[in-house]
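Below is one structure, written out as structure tokens, with a few remarks after it.
The values are calculated or read from the model by the stated rules, or taken from the named source; none is laboratory data. Bear in mind the structure is a predicted one, so any value in this text is a computation, not a measurement. Positions of Cβ are generated from backbone atoms using ideal geometry, with glycine treated the same way; all protein chains shown enter the neighbour counts. Remember, those area values only see protein heavy atoms, side chains included, never the ligands or the DNA or RNA. Shrake-Rupley method; radii C 1.70, N 1.55, O 1.52, S 1.80 Å.
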Amino acid sequence: MKIRKIVCIGAGYVGGTTMAVIADKCPDIKMVVLDINPRRIAEWNSDALPVFEPGLKEIIARCRGRNLFYEDAHPEAIPDADMVFFSVNTPTKEFGEGAGMASDLQYNEQSARFILPHLKDGAIIVEKSTVPVQTAEAISRILHHNNDGRHFPVLSNPEFLAEGTAIQDLEDPDRVLIGCEENEAGRAAARALAEIYRRWVPEERIIFSNVWSAELSKLTANAFLAQRISSINAMTALCEVTNASVTEISQAIGMDSRIGSKFLEAGVGFGGSCFRKDILNLSYICQQQGLPEEAAYWKSVVGMNDYQINRFTRNVIDRQFNTVTGKKLAVFGFAFKPGTNDTRDSPARYVCLKLLEERAHLAITDPEALENAQRDLQGLTGKVEFEPDPYKAAAGAHAIVLITHWDAYRKLDYRRIFATMEKPASFFDGRNWIDPHTLHEIGFHVYPIGKSPLLPD
Ligand code: UDX
Ligand code: UDX
């Protein structure tokens, strides 16, 4: 089957960037990305893209208006589509059965109902959103409930891209996974999708499975990655009281080829739109299947993360003579990781909320995420400033609380910063990002993660 036109429902981080890369690699395919949020679409069509990703701007400049179009959701886009991607959000359910754990699938269902009347027979549906296992089957049931003779194969093609490296991950993926129904129509649809990726992904990296394995692989990958972070974080408190260094431990175990060196950086905790949501979702699925031990095991990965964020924040308060009330604290970084403006589930938000509860005066700085930070903390009572200049944020502060390890923070003149701060001036390094000995020499009280504090002699 020759694919000439692809429609994507959802112009978010995943849909917006993935479709841009496909458009770039396949100039003969027309890509139309739809979204129910007109502001999002306007942003995609402007110079101020809604997503900050290295390399994205250049791709958009090459493809937008050529074979890549961002449009308000309109049914006229659907009838000549050969393939429809679903890339809508699947947040944790906030109400009813499974609240706080299960995925809210209402947007997937709404998308299926939106396209159904207009879909041509044989159009291939590709599920890209991370969803609980068997969602593809649910989508398939909605699409076929009329029994009107049309058939639409539903594929699962989970997205493994990480924010900040999205373009690189899409252009050079470790693997592309395509889950299909185990029948001829399903396999043909999978081949058609593989044909698209084959334009730039080596054959051996495109792998096939059944739909459920594909869906569950995504949840498992995220659960494993997050579990590594929680495991190394579970060593930090012990290191802090025994004079071991968690960085040295990460290095030592990471050189074991069975363990590997990635995702072993201890810190204030993981954030982002996926890890917490996907693990809670996995845990909920286990629970629903009558597997309470498995459910508890995976949930403990999130439990350790919550504990770590709290432990870090409590330490900030304890070390400020047990009170931060009325004290200015500079928060360095609000994005959930560097290289993005995304603040979804950022540890920074939890830390700031807790410090505000204690009536601290916060000066938050971040090179990309200040607008989102402002939105996240909107309506809160308390004294918060949003300051793009880290020097100004730190002036008059009792402590710097580093949460996101932006490169820019390594280039600052900490001697100059120290001179403008209240004394004693403390540095809580939630990412072990700034050399503690340099800070210590300048005169800071330094509190790294997973290492003994460095205090004045
Ligand atoms: C989302 C999910 O969060 C993630 O689990 C999944 O793997 C991929 O999709 P992301 O792209 O980061 O990730 O979400 P978001 O930036 O919120 O984008 C979703 C977009 O879908 C939003 O712009 C929203 O307006 C749009 N949408 C939602 C629709 O167009 N139609 C709907 O019915 C619902
Ligand atoms: C993650 C997965 O990596 C990606 O494959 C999936 O598609 C979506 O979820 P993302 O959330 O964008 O991607 O970022 P990631 O780089 O995985 O980082 C997640 C969080 O873990 C960040 O808060 C980061 O700071 C933290 N982290 C990461 C650590 O604390 N230590 C590490 O060693 C690595």
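For Ala112, the criteria (1) free of Cβ contacts under 8 Å to residues at least 40 places away in the same chain; (2) within 19 Å of Gly15 (Cβ to Cβ); (3) in a helix (DSSP H, G or I); (4) more than 13 Å from ligand 1 (Cβ to nearest atom) hold in every case but one, which is (4). A count restricted to region 20-52 and to residues that are within 16 Å of ligand 2 (Cβ to nearest atom) and assigned to a helix (DSSP H, G or I) stands at 1. Taken over region 409-425, the criterion of being closer than 14 Å to Ala393 by Cα and not basic (Lys, Arg) is satisfied by Tyr409, Leu412, Asp413, Tyr414, Ile417, Phe418, Ala419, Thr420, Met421, Glu422, Ala425. On the given criteria, is Leu439 at pLDDT 95 or above and not assigned by TED's automatic domain parsing to the domain that holds Ala363? Here the answer is no, as Leu439 does not meet what is asked.
Does region 237-245 include one or more residues that are outside any loop (DSSP other than H, G, I, E, B), at pLDDT 95 or above and under 23 Å from the mean Cα position of the chain (by Cα)? No.
Can you find a residue that is aromatic (Phe, Trp, Tyr), at pLDDT 95 or above and within 12 Å of ligand 1 (Cβ to nearest atom) anywhere in region 55-76? Scanning region 55-76 turns up at least one residue that is aromatic (Phe, Trp, Tyr), at pLDDT 95 or above and within 12 Å of ligand 1 (Cβ to nearest atom). When Ala162, Ala138 are checked against the criterion of being of a type in the set (A, V, I, L, M, F, W, C), within 14 Å of ligand 2 (Cβ to nearest atom) and modelled with pLDDT under 95, a single residue qualifies: Ala162.
Within region 342-363, the set of residues being under 11 Å from the mean Cα position of the chain (by Cα) and not acidic (Asp, Glu) comprises Thr343, Arg344, Ser346.
Among the residues of region 165-190, those that are of a type outside the set (A, V, I, L, M) and away from ligand 2 (no atom under 16 Å from the Cβ) comprise Cys180, Glu181, Glu182, Asn183, Glu184, Gly186, Arg187. Say whether the condition of being outside any helix (DSSP H, G or I), of a type in the set (Val, Ile, Thr), out of contact with any Cys (no Cβ under 7 Å at 6 or more places or on another chain) and farther than 30 Å from Leu362 by Cα is met by at least one residue in region 269-292. Scanning region 269-292, I find no residue that is outside any helix (DSSP H, G or I), of a type in the set (Val, Ile, Thr), out of contact with any Cys (no Cβ under 7 Å at 6 or more places or on another chain) and farther than 30 Å from Leu362 by Cα, so the answer is no.
For Ile29, the test of being among the aliphatic types (A, V, I, L, M), touching a residue at least 24 places away in the same chain (Cβ under 8 Å), more than 28 Å from Leu105 (Cα to Cα) and open to solvent by less than 30 Å² (accessible area, probe 1.4 Å) is passed. All conditions but one from (1) in a loop (DSSP other than H, G, I, E, B); (2) surrounded by 14 or more Cβ atoms within 10 Å (Cβ to Cβ) apply to Gln378; the one that does not is (2).
As a summary of the residue check, Asp435 satisfies the conditions (1) touching a Lys or Arg at 6+ places or on another chain (Cβ under 8 Å); (2) closer than 20 Å to Asn243 by Cβ; (3) among the charged types (D, E, K, R) except for the one numbered (1). Asp80 passes all but one of (1) open to solvent by less than 10 Å² (accessible area, probe 1.4 Å); (2) part of a loop (DSSP other than H, G, I, E, B); which number fails? Asp80 satisfies all of (1) open to solvent by less than 10 Å² (accessible area, probe 1.4 Å); (2) part of a loop (DSSP other than H, G, I, E, B) except (1).
One residue stands out in region 294-325 among those that are part of a loop (DSSP other than H, G, I, E, B) and under 20 Å from Thr365 (Cβ atoms): the one that is farthest from ligand 1 (Cβ to nearest atom), namely Gln320. Just for region 117-138: of the residues that are aliphatic (A, V, I, L, M) and within 13 Å of ligand 1 (Cβ to nearest atom), which one is farthest from Ile279 (Cα to Cα)? My answer is Val126. Residues of region 225-233 include at least one that is hydrophobic (A, V, I, L, M, F, W, C) and within 15 Å of ligand 1 (Cβ to nearest atom). Going through (1) within 15 Å of ligand 1 (Cβ to nearest atom); (2) open to solvent by less than 30 Å² (accessible area, probe 1.4 Å); (3) among the charged types (D, E, K, R) one by one, Arg39 falls short only on (2).
Among the residues of region 299-316, those that are touching a helix residue (DSSP H, G or I) at 6+ places or on another chain (Cβ under 7 Å) and open to solvent by 40 Å² or more (accessible area, probe 1.4 Å) comprise Lys299, Met304.
Here Pro54, Pro75, Pro50 are screened, and the one residue that is of a type outside the set (Asp, Glu), in contact with a helix residue (DSSP H, G or I) (Cβ under 9 Å, 6 or more places away or on another chain) and farther than 29 Å from Pro367 by Cα is Pro75.
The residue that is nearest to ligand 2 (Cβ to nearest atom), among those in region 100-109 that are assigned to a helix (DSSP H, G or I) and open to solvent by 10 Å² or more (accessible area, probe 1.4 Å), is Tyr107. Given the condition within 16 Å of ligand 1 (Cβ to nearest atom) and of a type in the set (S, T, N, Q), answer yes or no: does some residue in region 346-366 qualify? Within region 346-366, one or more residues are within 16 Å of ligand 1 (Cβ to nearest atom) and of a type in the set (S, T, N, Q).
A count restricted to region 337-367 and to residues that are open to solvent by 30 Å² or more (accessible area, probe 1.4 Å) and under 18 Å from Val268 (Cα atoms) stands at 8.
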